[in-house]
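Have a look at the structure below, then the notes.
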Amino acid sequence: MSAAIRVATIGVGHLGKHHARLLAGLDGVTFVAAVDLVAERAAAAVGATGAEALTDYHGLFGRVDAVTIAVPTIDHVRVATAFLERGVHVLVEKPMASTLAEADAMLAAARASGATLAVGHTERFNPAVAAALPVLRSPRFIEVHRLSGFPERSLDIDVVFDVMIHDLDLILAVDGTDVAQVDAIGVPVLTGKVDIANARVRFASGCIANITASRISRDKVRKFRCFQPDMYVSLDSAAQELEVWRLERGGGRPAIAGGNVPITRDEPLRLELIDFVDAIRSKRPPTVDGHAGRRALALATRVAEAIEQGAKRIDTAVADEGHV
């Protein structure tokens, strides 16, 4: 594909407006339109780019080669399949769907038409994460904290699917073995859905991952720490900083060596969109394809189910105590 790829963004709220901003500046891309139910928001997203502002995505049919989708999760399957069935390439924000059945429908549509399906797990494109992944070969323990303030957005899903799923995708990229066990607890604090959660995931490899996610914290924390034989890796994805420490066994006493790894900082979303466009152009799978998105969704679903089961056990125990 030598001509510019025609791309539009559907949903230009908190995140989608950045899709539009970045796509409008990418080489080899013609930014066709921004689509949003709120006309003023669509108009603001296109700005002076010369792209069209639309309120109905049906107006894109036959006019685009690819779309990025940042609408509410419940609408992902409807919007994405409408384009995938027409052979239009799709990048859909995480979580890729509300249910695994919806994710499977999207995968089936992409498979039938041959269209590219990418899922927006932007942390994979964080330069510090990208530098860390090649050295994480056999971690035995992973400790993750992803904490942020109350977002007043994405409240149609709980913190597991909104926040924790970033790190669930990362640990799945680090350890490709089957998930053997999931234990989790979560609490609704400011909304009717879980706002803070902790999950302990054990893999068939023996690796244990302990993940905490919160959207009600005062401080913003994005820490990902991995321990593997003779190596400790500490990653701060917010600051895009990486430390790697190794145990060196020489002729004398073992010594610890390492420190900060030089990182060229960049905007992860920009790198993700570049990867999506390059995948279309070179006809290769995107770095985070639909199957990876489904796997992250499946693990998030198991975490949510473990939280629900734990809550039911607590309710039963409290009820039993009341009858003693």
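None of the figures in this text is laboratory data; all of them are computed from the coordinates on show. From a predicted model like this one, the values you see are computed outputs, not experimental measurements. Cβ atoms come from the backbone with ideal geometry, glycine included; neighbour counts cover every protein chain shown.
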message = With within 18 Å of the chain's Cα centre (by Cα), buried (at least 23 other Cβ atoms within 10 Å of the Cβ), at negative phi and among the basic types (Lys, Arg) as the only criterion, which of ARG146, ARG124 stands out?
response = ARG146
key: Residue in region 282-305 that is nearest to GLY28 (Cα to Cα), counting only those that are basic (Lys, Arg) and surrounded by 15 or more Cβ atoms within 10 Å (Cβ to Cβ)   = ARG294
task = Take PHE83 and decide whether it is among the aromatic types (Phe, Trp, Tyr) and surrounded by fewer than 22 Cβ atoms within 10 Å (Cβ to Cβ).
result = no
Options ALA53, ALA44: the member that is part of a strand (DSSP E or B), more than 20 Å from GLU272 (Cβ to Cβ) and either touching a residue at least 12 places away in the same chain (Cβ under 8 Å) or among the polar types (S, T, N, Q) (or both) = ALA53
message = Every residue in region 213-235 that is under 30 Å from PHE150 (Cβ atoms), in contact (Cβ under 8 Å) with a residue 24 or more places away in the chain and part of a strand (DSSP E or B), please.
response = ALA213, SER214, VAL221, ARG222, LYS223, PHE224, ARG225, CYS226, LEU235
note = Of the residues in region 186-212 that are in contact (Cβ under 8 Å) with a residue 40 or more places away in the chain and farther than 15 Å from HIS145 by Cα, the one that is surrounded by the most Cβ atoms within 10 Å (Cβ to Cβ) is VAL194
note = When region 99-117 is checked residue by residue, the ones that are within 20 Å of the chain's Cα centre (by Cα) and either outside any helix (DSSP H, G or I) or touching a residue at least 12 places away in the same chain (Cβ under 8 Å) (or both) are THR99, LEU100, GLU102, ALA103, ASP104, ALA105, MET106, LEU107, ALA110, THR116, LEU117
